[in-house]
Amino acid sequence: MTFSDFDKATAATPTAFLDRLAAVPGAVDEAMRKALPDVYTPEKAKELADDIFLRLRQL
């Protein structure tokens, strides 16, 4: 799913909502790679994802 798919999706159904939610990581990854090509590496992406999951578990 791409960022444009995210824009086209509608939250009218639970499935559509989940489709929109599923598009977020890909859109963020694409934006980060374009904005910070020398900084945002696969290792940095994993580090950020691990940190996010850790914080979510603490909620």
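Values quoted throughout were computed directly from the atomic coordinates according to the rules given, and no laboratory measurement underlies them. Fair warning: this is a prediction, and the values are worked out from it, not measured in the lab. Every residue, glycine among them, receives a Cβ derived from its backbone with ideal geometry; neighbour counts consider all protein chains shown.
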Please report, largest first and rounded to whole Å, the three semi-axes of the ellipsoid equivalent to region 17-59, where each semi-axis is the square root of five times an eigenvalue of the C-alpha gyration tensor.
20, 16, 6
Please compute the net charge surrounding THR41, taking Lys and Arg as +1 and Asp and Glu as -1 over other residues with Cβ under 10 Å from its Cβ.
0
Extension gain, GLU47 back to VAL28 (0.36 nm per residue minus Cα-Cα distance, nm):
5.4 nm
Go through region 17-30 residue by residue and turn each phi into a ³J(HN,Hα) via Karplus (6.51, -1.76, 1.60, θ = phi - 60°); whole Hz please, and just put x for glycine and proline.
4, 5, 4, 5, 5, 5, 7, 4, x, x, 5, 5, 4, 4
